[in-house]
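The block underneath contains the structure these notes are about, expressed in structure tokens.
The values are calculated or read from the model by the stated rules, or taken from the named source; none is laboratory data. What you see is a predicted model; the values in this text were computed from it and never measured. No Cβ is skipped: glycine too gets one built from the backbone with ideal geometry, and neighbour counts run over all protein chains shown. Ligands, DNA and RNA are stripped out before the accessible areas are found, and what is left, the full protein with its side chains, is counted by its heavy atoms. Shrake-Rupley method; radii C 1.70, N 1.55, O 1.52, S 1.80 Å.
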Amino acid sequence: MRIAVLGAGAMGMLFGGYLSERNDVCLVEVSRERVERIRTDGILVHTGAVEQRFFPKIVSETAGMEPVDLILVFVKAMYTTAALEANRALIGENTYIMTLQNGAGHEAKLLQFADRAHVIIGTTQHNSSVLANGEISHGGCGQTTIGLLEGDSSRLEPIAESFTACGIDCVTAQDVKRQIWKKLFTNTSASALTAVLQVPLGFLCENEHAHAVMATLCREAVQVANAEGFVCFEEAEVLAEVEQVCRNAKNGYTSIYADIRDGRRTEVDTISGSVIEAAKTLGIAVPYHEMIVHLIHALEQR
């Protein structure tokens, strides 16, 4: 497949690197310094004690390029529309646009550039953080789940098979919304908390006070998800799954942790904020989520 990856951040480099093993991959990145570094030295991925180096193509502009088969959107949520607008040359009538971004509601932006039959939403359990330009730490692995907004998601099997062949275990699902909520539980109850506390994921299970806050955030999110009526989650089961993610990547650092550490703007409004917006519509109180959002914005403005 011809694949374009918008954004050569932690996840863009991870997926772009792995997928370049069996596909024609081109990363699109606005940082010219990062473009030159990757163009020269490739992408170095640290997975525990194992190191792998990949050499996908990378550009800073796509004007004049031909449409691709698949666009993977890995820019921060607030830049999605601008990134797709700037790279319209890559979008043809048969191009799929996929988001694996954290949070929820990203499909509304993608639908400005493709019809419902070509918008793919999904979630991934992979975790990655930037160590330097062109160098990342692959802190956690797991399954990637994708599905269509409209139509039979089994049409995406060739994409899932290609991902899996490249080392990214991928499946298609008709109930992809359920998978997105499951990832959202982890992001809102664990990832956002690592940003506030500036700790790795494992700390949230090891420290009783951090775990208590994580459990309350998880409880609030489950109440909202169940009130929506699309799916039904058991609170204890969800918390156990979040805990397992934290243990599996106990030394892993989340992207939102890194944003606060490095003084960058975060995606908290499309992660924890998406739970708050849904809760308002449903008339549910989520004070811990509101506190987390305020704390993260305060940290952004230090």
Next item on the list: Could you tell me whether the stretch 276-295 includes any residue that is open to solvent by 80 Å² or more (accessible area, probe 1.4 Å), touching a Ser or Thr at 6+ places or on another chain (Cβ under 9 Å) and closer than 12 Å to S191 by Cα?
Entry: no
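Every residue, every condition in (1) without any contact (Cβ under 8 Å) to a residue 12 or more places away in the chain; (2) out of contact with any strand residue (DSSP E or B) (no Cβ under 6 Å at 6 or more places or on another chain); (3) not aliphatic (A, V, I, L, M), yes or no:
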site	(1), (2), (3)
Q52	no, no, yes
F55	no, yes, yes
A63	no, yes, no
I71	no, no, no
K76	no, yes, yes
T81	no, yes, yes
I97	no, no, no
Q101	no, yes, yes
Next item on the list: May I ask you to list the residues in the stretch 47-58 that are among the aliphatic types (A, V, I, L, M) and surrounded by 16 or more Cβ atoms within 10 Å (Cβ to Cβ)?
Entry: I58
Next item on the list: Only residues in the stretch 220-235 that are closer than 14 Å to T281 by Cβ and open to solvent by 10 Å² or more (accessible area, probe 1.4 Å) count as the first member; pair them with residues that are not β-branched (V, I, T) and not in a loop (DSSP other than H, G, I, E, B), Cβ under 6 angstrom, at least 6 apart or cross-chain, and list the lot.
Entry: A227/L282; F230/K177
Notebook entry, point to check: Only one of (1) more than 22 Å from the chain's Cα centre (by Cα); (2) closer than 13 Å to L193 by Cα; (3) small (G, A, S) fails for S272. Which number is that?
Noted result: (1)
Next item on the list: Might you let me know whether the stretch 204-211 holds any residue that is open to solvent by 10 Å² or more (accessible area, probe 1.4 Å) and either within 24 Å of T47 (Cβ to Cβ) or modelled with pLDDT under 95 (or both)?
Entry: yes
Check: How many residues are on the phi > 0 side of the Ramachandran plot and touching an Asp or Glu at 6+ places or on another chain (Cβ under 7 Å) if we restrict to the stretch 19-54?
Finding: 0
